[in-house]
Amino acid sequence: MPGIFKRCGKFFLAGAGLVVIPALLWWFFTPRPPLLEGVHFSVGIYDRGGRLMRLGLAQDEKFRVFTPLRDIAPTLREATLLYEDRYFYLHPGVNPAALLRAAYTTYIGGDRRMGASTITMQLARLRLNLDTSTLWGKLEQMERALAYERYYSKDEIFEAYLNLAPYGGNIEGCGAAAQIYFQKNPGRLDLMESLALVSVPQNPARRNPLAVRRMDESGVVDAALQEARARIYSLWLEKHPEDAGSAFMNHQRLKVYTPAELAFRAPHVTSEALQLFPLRTEIHTTIDQNRQKLLENMVSSMVQRNREQGVTNSAALLVHWPSMEVRALVGSADFFNAGIEGQIDGSRARRSPGSTLKPFIYALALDQGLIHPRTLLYDTPRSFKGYDPENADQEFRGPLFATEALQLSRNIPAITLANRLSSPDLYEFMRQAGVKFDFGREHYGLSLVLGGAEVTMRELAALYAMLPNRGKYRELVLYKDLRASPATRPEPDASAFPAEGEAYAPPGRETAGKQLLSREAAVVALRMLRALPANQRIQYASIVSRIPMYWKTGTSNGARDAWTAGVFGPYVLVVWVGNFNNRPNSNFVGLKVAAPLFWDIADAVYNTENIRDIAMQGMDKLNLVRIRVCSATGDVDTSLCRDTAETWFIPGVSPIADSGVYRRILIDKATGMRACIEDPAKTERAVVEYWPTDLLLLFRRAGIMKASPPPFLPECAGEELPVYGSGGSGMPPEILSPKPGVVYHRSLTQPESTVITLHASGDADVTDFYWFSGKTFIGRGSTDESILWTPPGGKSIVSVLDNFGRSSSIKIEVVQSE
């Protein structure tokens, strides 16, 4: 008897070995099956609140949104387990009890066919594309399920299943199903929506929410569907009896959407994102969909209102300057309109900015101590080495305060200031602020002031954001959180990202920025854009006075681009009107078409948000003071003027030199003429105005009569002529023509046909100018008279002498040409 037991034990051990040894070999050597590696997912692009803006197709033309298990609604996870595999977290991938029950029910009991596939087995079938209709296919499915359990955690397996399960048509995964059928993130599904998705993978074509809605609407009764629905409800109520009275709303009231109704918001932003980040499955932007919709409506309405004036296209960009986040971006008036090339993104197109760069000339001038807001600037004809700029209205307005010159967008004062800038000049400042130039500084010269170089709307917005950000340049932020699919976890090559200064900030990257302006210059320049001249505020006076806004218009040469850029509350707003094909239109004037759009958008935002003038907060902590200056000249020395006004002043930086307009002179009490020797009994001191002769001419043309200083007494001839106070002994004349730095050409065959105009501007008491070429006298003329001169060939020194002996000289060159 013992021998029998001994022999049986040997047979038992041998049999066990035949099972255990292969099992151990399988356990150690079976390859790791792929989970989600190699699966291509859709790219989902979301706004700053996590709402979907656009969902792209995966490479296999499927909607498949990768969703981490933690981001799936708990109700959907629990209901899926109850319906599909309630013992999922207990079995090793195959449920023996379920297999026996299914085999008995299907083949012995004679009831309906019952499946026994666990979630892990279903994952194996979906992921490995197994044919499980045969016995060998089913065995392979179970073997691969055990392999999945060998290498992956339960949560990883469950996550993969929920991302691959079919939900009807080309929709796979609960993430895509939630976004398409319910327009929700899968984490926000309610109980009713979760239960509507649970049974879909067992029969996607007939049980998907859209098919169910159509059957319900047509009155078709599907017994299998009704049974599945009843089973889901029963299983849930068994676990959650407290939901019996409230959780199950009528399924017919479930709002279900079609794939055609899938979100397609901010098309220019989402199209850019798809191009920039093809390896990403989830891209979170800084776009605020409410603001985006508002700007889209405003741009579209403006185009419709102005269509008779030839306006067909526009773009707008709204930036939250404290964070530098782009909150709304409208690249064109209609993305789908090929007639206006609507798919071009106007925020990235390089266009001439017109006069929108002028605030930065004034900011730099403030920073370099050239001006304060009431510094007197001259809007008179000027030449800059052959560059003869004009104003848009072809007129000159004479003396203007810096603030006034900026608000009126006068070209000559801005160019004059730009010509005096150094370290940095405007070109270097813009280059440091991320503006991409096609050429070097010499190519643009002073034309840069008037839009001679093209910039993008995004670059312009970043420039304007510097002003409320106290002179600090920071990059725009458009994309924040970028998630790669499990199959493409490695970072893409750095060349895939936008260049420095463009609208992208990698996750976690700090945008500390660069201090390009002093805090004081930035805030004063911004304030100079606030008090707008009355003639620019008539139509929108109530909006401009009610909302704290600081703005500047611009019109490109040839009327191809109309701009308005500025700041209100926490926002920088830039709007553009024009054509992408560069077709000009006389109506493309910044103040005419772009400014009203700017004001309308600012007003609409103001009406939906508590806008405060936060850009001006904390000015008391800056190196700024309010001082009184002469109201007519901006002179810091107020001892010579009767009327004064307040202005902002940067101690140690702002200029203290006077204009020289106000001067004290000696007056003979008896005759009213100027005296040259002070005698308390016969003379008195008086303050008079000394305006340059070219300005006096402008005054006369405008009907403004300025009194000239009285003439000297006859006995003053040959005496040193005293002038007291600002201005010293007077200003030397300024040669307006010929132009320094210009090479003149003289005809070789007809040299007498080459004529140069001699013209100068002098001090207020000047009556005559005397012109010389070297030591050769050319002629004499009054202050409002020009002399024509036929120059010799070669280099010459041209000099002018006023009737008080003050002189100036320039060098010119005349070359022979055929």
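The values are calculated or read from the model by the stated rules, or taken from the named source; none is laboratory data. Note that the structure is a prediction, hence the values are computed from the model and not measured. Cβ coordinates were reconstructed from backbone atoms using ideal geometry, including for glycine residues, and neighbour counts include every protein chain displayed. Ligands, DNA and RNA are excluded from the accessible area calculation, which covers all protein heavy atoms including side chains. Shrake-Rupley method; radii C 1.70, N 1.55, O 1.52, S 1.80 Å.
Points to keep in mind about this one:
- Distance from the C-alpha centroid of segment 269-324 to that of segment 634-651: 46 Å, rounded to the whole angstrom.
- Degrees, to the nearest 10: 74-84 long Cα axis against longest axis of the chain: 30
- Accessible surface for segment 386-468, divided over its residues, is 37 Å² per residue with a 1.4 Å probe.
- Helix axis angle, 411-420 relative to the chain longest principal axis, alpha carbon, degrees: 90
- Selected from 478, 440, 309, residue furthest toward positive end of dipole (the chain; charges at beta carbon): 478
- Among (i) -0.50, -1.11, -1.25; (ii) -0.59, -1.10, -1.23; (iii) -0.41, -1.18, -1.41, the entry derived from the coordinates for log10 I(q)/I(0) by the Debye sum over Cα atoms at q = 0.06, 0.10, 0.11 Å⁻¹: (ii)
- The residues of segment 537-634 have, on average, 37 Å² of accessible surface per residue, using a 1.4 Å probe with all protein chains present.
- For segment 317-430, a simple Cβ point-charge model (Lys and Arg +1, Asp and Glu -1, everything else neutral) yields a dipole of about 220 debye relative to the Cα centre.
- Solvent-accessible surface of segment 189-311, averaged per residue with a 1.4 angstrom probe and all protein chains in place: 50 square angstrom.
- Unit charges at the beta carbon, dipole of the chain: most positive-side option, 79, 69, 596: 79
- Share of carbon and sulfur in the accessible heavy-atom surface of segment 136-272 [1.4 Å probe, %]: 51
- Where a label projected 7 Å from the Cα of residue 422 along Cα→Cβ would reach, residues of segment 355-399 with amide N under 16 Å: 365-371
- Put simply, the C-alpha atoms of segment 565-705 give a gyration tensor, and the ellipsoid matching it has half-axes of 48, 25, 12 Å, longest first.
- Approximate spin-label separation residue 32-residue 620, in nm, with each point projected 7 Å along Cα-to-Cβ: 6.4
- Summed side-chain charge close to residue 258 - residues other than residue 258 whose Cβ falls under 14 Å, Lys, Arg +1, Asp, Glu -1: +1
- Carbon + sulfur, % of accessible area of segment 771-818 - ligands and nucleic acids excluded, 1.4 Å: 49
- Contour excess over end-to-end distance, with Cα ends at residue 757 and residue 133 and 0.36 nm allotted per residue: 214.6 nm
- The chain: calculated mean residue ellipticity at 222 nm from DSSP helix runs of at least 4, using -39500 (n - 2.57): -9000 deg cm²/dmol
- With N the number of residues in segment 139-255, Rg(Cα) / (2.2 N^0.38 Å) evaluates to 1.17.
- Calculated SAXS-style log₁₀ I(q)/I(0) at q = 0.27 Å⁻¹ - segment 624-679, Debye, Cα scatterers: -1.04
- Taking the 1.4 Å solvent-accessible surface of segment 566-699 as the whole, the part contributed by carbon and sulfur is 50%.
- Overall, the chain carries a charge dipole of about 2520 debye about its Cα centre when +1 sits on the Cβ of Lys and Arg and -1 on the Cβ of Asp and Glu, all other atoms neutral.
- Segments 212-218, 797-803 sorted - mean Cβ within 10 Å per residue, highest first: 797-803, 212-218
- Using alpha-carbon coordinates, inclination of helix 154-164 to the longest axis of the chain, degrees: 70
- Each of 347, 686, 357 was placed along the dipole of the chain (beta-carbon charges, centred on the mean Cα), and the one lying farthest toward the positive end is 347.
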